[in-house]
Structure formats: structure tokens, C-alpha cells
Amino acid sequence: MNQPRILVTGATGLLGPYLIDAATNFGDPVGTARRGTTLTGDLSVSADVSRIVQQVRPDVVIHAAALTDVDRCESCPDEAHAANAMPLEHLAGMLPGHAHLILISTDQVYPDVTGPHVEGSESPVNEYGRSKLSGENAALRYPRSLVLRTSFFGASRTKGRQSLSDFFVDRFR
């Protein structure tokens, strides 16, 4: 039996390398990013998404690509929407019917109040959260989708890319 093809978007981001490593336990992972991978593309561009989907023919897509810089999202809302919502609009319309779409989203879609939060209480307080919620809504239009709302904190495994925890460790040293 063939291994499932697993497309990991955002492969050079903070979470992508961890996802690719984990995906090797379940199938044949292929990573994509704007740069730094063999398979590159801009997921806000329909033609790039189409090319990637046709080339990989994924059984599973783990979508981790995002613009996570909250300040940049606030100052450039169109860029936030292009990075955090448009790729899911494209993927939801282009994936083969058998494929599964897993979106790594954020707890930033909830209001700025102490949780736990429940479905239906989404009310983002910033552009990052609004753009991610828009992406969630696009993903959920695809029948085989799953949205995971989480926070990610950890060391970067991408050369030249520093995470928040890397920043603090460096400063403490």
C-alpha cells in the first residue's frame, strides 16, 4: 500500500520543520514555502496553489503557513488577509475530494478574556485573529477539514529564523 502524500505548508516556518518530522511517521511528507524548499510558491496566488496541488497530489494537507507577526498584520491588513485567509480559499477549492485539510490556527480568534472558550464565542481583537478566523471559515467550507486552534512556543529549527523563545534564551545568555 502506498504511503499517503502529506503536504506541509509553511515548511520553513517555526512549526513546519516539526510537522514534517512528525509526518514521516504517517506518510510521505512534502514541504512547501515561499523560499528555502525545493517546492516553492506563494499560496496567496491561485496559480501557485494549483501547481503545488497538481504536483504533490496530496492525501493530507497540513496548513501551517501564516503571517504571525501581530504588529505587521495590524499595520498591513491586506497582507494579513493574503497570507492567512487567501491560501485556504484556494486550497478549499482545489484539493481533490479525497484529501484531508488540517489548518493550524490560533487561539487569537477568541476575545481577550480568560478562557476556556467555546465554539461560537470567536471575536478577535486584532487583525491577526481576524485574518486567521477568515482562513478558518474558508477551510471549513471544504468537507474534509479540521481546524486546530493552538499557541505554539518553542525553538526554531530554521536557520536564520528566531522564535520568541530563542530571543529570550539569547538575551539571557
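Report yes if some residue within segment 14-22 is touching a residue at least 24 places away in the same chain (Cβ under 8 Å), surrounded by 20 or more Cβ atoms within 10 Å (Cβ to Cβ) and touching a Lys or Arg at 6+ places or on another chain (Cβ under 8 Å); otherwise report no. Yes: one or more hits.
Scanning segment 114-173 for residues that are of a type in the set (D, E, K, R), closer than 18 Å to C73 by Cα and open to solvent by 90 Å² or more (accessible area, probe 1.4 Å) returns a single hit, R130. From the list P77, P58, P116, P124, the one residue that fits, being out of contact with any Gly (no Cβ under 9 Å at 6 or more places or on another chain) and under 18 Å from G31 (Cα atoms), is P58. Which members of segment 70-104 meet the condition of being part of a strand (DSSP E or B) and open to solvent by 10 Å² or more (accessible area, probe 1.4 Å)? Result: H100, I102, I104. The C-beta contact set for segment 76-91 (first residue more than 21 Å from D59 (Cα to Cα), second residue surrounded by 24 or more Cβ atoms within 10 Å (Cβ to Cβ) and aromatic (F, W, Y), distance under 7 angstrom, 6+ apart or interchain) comprises A80/Y128.
Can you spot a residue in segment 65-86 that is more than 14 Å from the chain's Cα centre (by Cα), more than 11 Å from Y128 (Cβ to Cβ) and β-branched (V, I, T)? No, segment 65-86 contains no residue that is more than 14 Å from the chain's Cα centre (by Cα), more than 11 Å from Y128 (Cβ to Cβ) and β-branched (V, I, T).
The values are calculated or read from the model by the stated rules, or taken from the named source; none is laboratory data. All figures in this text were calculated on a predicted structure; none of them were measured in a lab. A quick note on method: Cβ atoms are made from the backbone with ideal geometry, for glycine too, and the neighbour counts reach across all protein chains shown. Just the protein is used for accessible areas: all its heavy atoms, side chains included, with ligands, DNA and RNA removed. Shrake-Rupley method; radii C 1.70, N 1.55, O 1.52, S 1.80 Å.
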